Amino acid sequence: MSESLSPPFVATSRPRIAIVGAGVIGLAIGWKLAEAGCRVDIFDAGKAGAGASHAAAGMLAACAEAEPGEEALLGLNRESQRLWPGFAAALEAASGLEVEYRESGTLVVALTADDAARLRHQHAFQQQLGLPVEWLTGAEVRRREPHLATKISGALWCPQDHQADNRKVAAALKAAALTTGLSLHEDASVAKVASTAGRVRGVMVGDDLHPADIVVLAAGAWSRGVDIAPAPPLPVRPIKGQMLALQMDPAAPILSHVLWGPGTYLVPRKDGRLIIGATVEEKGFDTSLTAGGQLALLTHAWRALPTIEELPVIEQWVGFRPGSRDDAPILGPGALEGLVFATGHHRNGILLLPVTVRAITDLILAGRTDPFAAPFGADRFRPRAAAE
Ligand code: GLY
């Protein structure tokens, strides 16, 4: 089967693009392609920006979340982190809406001697990779965040790991996309990508065929449910995360930086919302909030930042990360000519937004493979025998 998408494929100067999924990834790709002159339709089974784009915490944590064995993913994450300030500025200009990209940095704190030993080990790995991460003593970290638990024994300071308000990003992307004149179809579930002789013809919504030259599958955790036969379904599954938000006094917030502690992270917003996340659960699309999940989040958060005790709980919710087989995104040509994947972003959908948009629009408009995205093609999941 073809996995190429070279410029001659886009036979018309105004190709018709159907995007499946109106999360931040689908909206941003649609915005940029429509801006470049393509005729764009975006379809979503629900409302735009209501899935993981709404549920996320908006951490742009390339350094704090760096894991051994994920060096190629780190390159992609760092490139996207570099693109974020320009992306946020362009989005705010196009939409007239703020996205609250905040250069506040991230602290990863240790509460026990064991935590500290683990963080020291992580720090050595981060230094080996040349990442901008510093070690802070307990006293130094409490000077930056006076409300932290007194027993904090040390912390990693990640000065380039910032945050954006993902809900504001989604709202701004919807507004920017709509200014281009593209068509956004909400409550329009795409069941199937229609194809003939290995080449896409469009998407099926119920019995209706919406013709398209190119189909971008950006349906996050729901990507596997879109029939792309004769190609096999994408190996993407939902990874449930429970979260909650407390309300701080915005004039006297008890936390200024993004904070990682054992078992939890806390993200302070400008309006005083303090987001606490997140569980990691293999439960399919189970939307229940559980006592155990919420208790664990609050207990871990309280151990790191005891002052949360008196804060009101203002929201609790569940989201679904789109997890691929190796937890890295799936970017690039699909197994049908004209099919493009932009999904599987797992824990990093907001972080990876700018680089994903660049990779996918470059591919569609110029047939160019982004060097940072190149290792993340769907072909890495093909059975060896079929790949040879
Ligand atoms: N990146 C945060 C999360 O997946 O919970």
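Give me the net charge for the shell around Ser53: Cβ to Cβ below 15 angstrom, other residues only, Lys and Arg +1, Asp and Glu -1.
Neighbour charge sum, excluding Ser53 itself: +2.
Give the shape of region 8-77 as rounded, prolate or oblate, defined through the alpha-carbon gyration tensor: a ≥ b ≥ c are the square roots of its eigenvalues, a/c under 1.5 means rounded, and otherwise the shape is prolate if a/b is larger than b/c and oblate if not.
oblate
Using a 1.4 Å probe over the heavy atoms of the protein chains, calculate the carbon and sulfur portion of the accessible area of the chain as a whole percent.
Roughly 54 percent of what the probe reaches on the chain is carbon or sulfur.
Using a basic spin-label model with each label point 7 Å from the Cα along Cα→Cβ, how many nm lie between Arg325 and Arg14?
The two pseudo-label positions are separated by 4.1 nm.
Asp114 versus Ala139, label points 7 Å from Cα toward the beta carbon: distance in nm?
With each label placed 7 Å out from Cα toward Cβ, I get 2.8 nm.
Pull out a ≥ b ≥ c, the square roots of the eigenvalues of the alpha-carbon gyration tensor of region 188-236, then state rounded if a/c is under 1.5, prolate if not and a/b is larger than b/c, and oblate in the remaining case.
Judged from the Cα gyration tensor, region 188-236 comes out oblate (a/c at least 1.5, b/c at or above a/b).
Taking each pair of distinct Cα atoms in the chain once, what is the resulting Kirkwood hydrodynamic radius in Å?
Roughly 21.5 Å, rounded to one decimal.
Going toward the positive end of the dipole of region 194-285, with +1 on Lys and Arg Cβ and -1 on Asp and Glu Cβ, which of Leu259, Gly284, His210 do you reach last?
Farthest along the dipole direction, towards plus: Leu259.
What FRET efficiency comes out for the pair Val280/Ala197, r = Cβ-Cβ distance, R0 = 45 Å, nearest 0.05?
Plugging the Cβ-Cβ distance into 1/(1 + (r/R0)^6) gives 0.60.
Given springs between every Cα pair under 10 Å in a Gaussian network model of the chain, which of Ala124, Ala335, Ala50 has the largest fluctuation?
Largest GNM mean-square fluctuation: Ala124.
In the chain, which helices (entire DSSP H runs) extend 27 Å or more along their own long axis, judged by Cα positions, while averaging at least -0.5 on the Kyte-Doolittle scale?
Helices meeting the criterion: 71-95.
What is the spin-label model distance, in nm, from Gln128 to Trp317 if the labels are put 7 Å beyond Cα along the C-beta direction?
Between Gln128 and Trp317, the label points sit 3.8 nm apart.
Among the lysines, select those whose C-alpha is under 23 Å from the C-alpha of Lys270, and discard any that sit fewer than 8 residues away in the same chain.
Result set, ordered by chain and number: Lys168, Lys174.
Let me spell out the model: positive unit charges on the Cβ of Lys and Arg, negative unit charges on the Cβ of Asp and Glu, origin at the Cα centre of region 230-388. What dipole size does that give, in debye rounded to 20?
Around 220 debye, computed over region 230-388.
Considering only protein heavy atoms, with the full assembly of protein chains and a 1.4 angstrom probe, order Tyr265, Tyr101 by accessible area, largest first.
Descending order: Tyr101, Tyr265.
In square angstrom, what is the accessible area per residue of the chain with a 1.4 angstrom probe?
Ligands and nucleic acids excluded, the result is 40 Å² per residue.
Taking only DSSP H segments of four or more residues, each worth -39500 (n - 2.57), what value at 222 nm results for the chain once the sum is divided by all its residues, to the nearest 500 deg cm²/dmol?
That comes out to -9000 deg cm²/dmol.
Give the aspartates and glutamates whose C-alpha is closer than 20 Å to that of Lys192, dropping any in the same chain fewer than 8 places away, or say none.
Cα-Cα hits under 20 Å: Glu3, Asp41, Asp44, Asp207, Asp208, Asp213, Asp227, Glu337.
With charges only on Cβ, +1 for K and R and -1 for D and E, what is the dipole size of region 146-227 about its Cα centre, in debye, rounded to 20?
280 debye
Please flag any cysteine in the chain that has no other cysteine's Cβ under 4.7 angstrom from its own Cβ.
Cys38 - these cysteines have no disulfide-compatible partner (Cβ-Cβ under 4.7 Å) in the chain.
To the nearest 20 debye, what charge dipole does the chain have about its Cα centre, counting +1 at the Cβ of each Lys and Arg and -1 at the Cβ of each Asp and Glu?
It works out to roughly 200 debye.
As an exercise, use a Förster radius of 30 Å and the Cβ-Cβ distance of Asp227 and Ala72 to find the FRET efficiency, rounded to the nearest 0.05.
E between Asp227 and Ala72, to the nearest 0.05, is 0.50.
Put +1 on the Cβ of each Lys and Arg and -1 on the Cβ of each Asp and Glu in the chain; which of Thr196, Ala90, Pro146 then has its Cα farthest toward the positive end of the dipole?
Highest projection toward the positive end goes to Thr196.
Taking trypsin sites (Lys or Arg not before Pro) that fall in a DSSP loop and have at most 16 other Cβ atoms within 10 Å as cut points, what is the longest piece of the chain between them?
Result for the longest clean stretch: 152-269.
Just check region 337-388 against the gyration tensor rule for me: Cα atoms, a ≥ b ≥ c as the square roots of the eigenvalues, rounded for a/c under 1.5, and otherwise prolate or oblate depending on whether a/b exceeds b/c.
Oblate, because a/c is 1.5 or more while a/b does not exceed b/c.
Using 0.36 nm per residue, how much length does the chain from Ala50 to Ala175 gain when fully extended, once their Cα-Cα distance is taken away?
43.6 nm
The values are calculated or read from the model by the stated rules, or taken from the named source; none is laboratory data. This one's a predicted model, so the numbers in the text were calculated from it and none came from an experiment. Quick reminder, even Gly has a Cβ in these numbers, built from the backbone with ideal geometry, and neighbours come from all protein chains shown. We work out accessible area using only protein heavy atoms, side chains counted, and drop any ligands, DNA or RNA first. Shrake-Rupley method; radii C 1.70, N 1.55, O 1.52, S 1.80 Å.
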